[in-house]
Each structure stands twice: as C-alpha cells, then as structure tokens.
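Engineer: The following block contains the structure, expressed as structure tokens.
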Amino acid sequence: MAPYTILATKQVIFFVGIGLLISLAIILARASRYWGFTTQKKSDEELAKDVHEFGGGVTETQRPVPWLIWLVFVGYFIWAISYVLWNGYFGFGL
C-alpha cells in the first residue's frame, strides 16, 4: 500500500469537514433571525414595540441571542480547553 493514500484520505476528510462546518455556520447565521436560544417566546408584536432607532436608519430590537453566537462562544472555550490539555499532554514540539 502506498504511503500517500493515508495522507490523501486525511486531506479529503479534513476538507469535507471544514466545508460542512462552514456550511453549518452559514445556515445558522442565515436562520439566526428565527432560531434563538431563549426560554421565553415573544410574539412579533412584542418584539416590534421594543425597537430602538439610531441615526442613519439603524435599528435595534430585543431579540434572543442567535445560535451562531452561542456556537462561536461555546466553540471557543472548547477549543481553548482542548488546546491547553493537548499541549500539556503532548507538548509543543509535535
């Protein structure tokens, strides 16, 4: 068996995995207006009356935090903890 087949398989898995993660991030970003992490559902009328307007047509509402923000927030801490544990066990000279 050629030694390069394992490298090619790892690259395919890596690129497909990165593509799936980017696709998931785009889907969550596009759907964040409708999907949120909240325990209390508000109607559109309640959300519409709590609008803050700034200059230049910029508005702000009190909507729940989108899933994409939660994913980035939790993913960062998972990555940071994994990085510290990995380098503590294997060291930096890998």
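Engineer: Arranged from highest to lowest average of other beta-carbon atoms within 10 Å per residue, in what order do the peptides 55-63, 22-30 appear?
Structural biologist: Ranked by mean Cβ neighbours within 10 Å, highest first: 22-30, 55-63.
Engineer: Okay, next question. Specify whether the C-alpha gyration tensor of region 4-90 places it in the rounded, prolate or oblate class, a ≥ b ≥ c being the square roots of the eigenvalues: rounded for a/c under 1.5, otherwise prolate if a/b is larger than b/c and oblate if not.
Structural biologist: Prolate, because a/c is 1.5 or more and a/b exceeds b/c.
Engineer: Can you list the HN-Hα couplings for region 68-78, worked out from phi with the Karplus curve (6.51, -1.76, 1.60; θ = phi - 60°), rounded to whole Hz and with x for Gly and Pro?
Structural biologist: 4, 5, 4, 4, 5, 4, 5, x, 4, 5, 5
Engineer: Between Asn87 and Gln11, what is the label-point separation in nm under the 7 Å Cα-to-beta-carbon projection?
Structural biologist: Distance between the two pseudo-spin positions: 2.8 nm.
Read-outs: derived from the displayed coordinates by stated rules, not from any lab. Bear in mind the structure is a predicted one, so any value in this text is a computation, not a measurement. Counting neighbours? That spans all protein chains shown, and the Cβs are built from the backbone with ideal geometry, glycine included.
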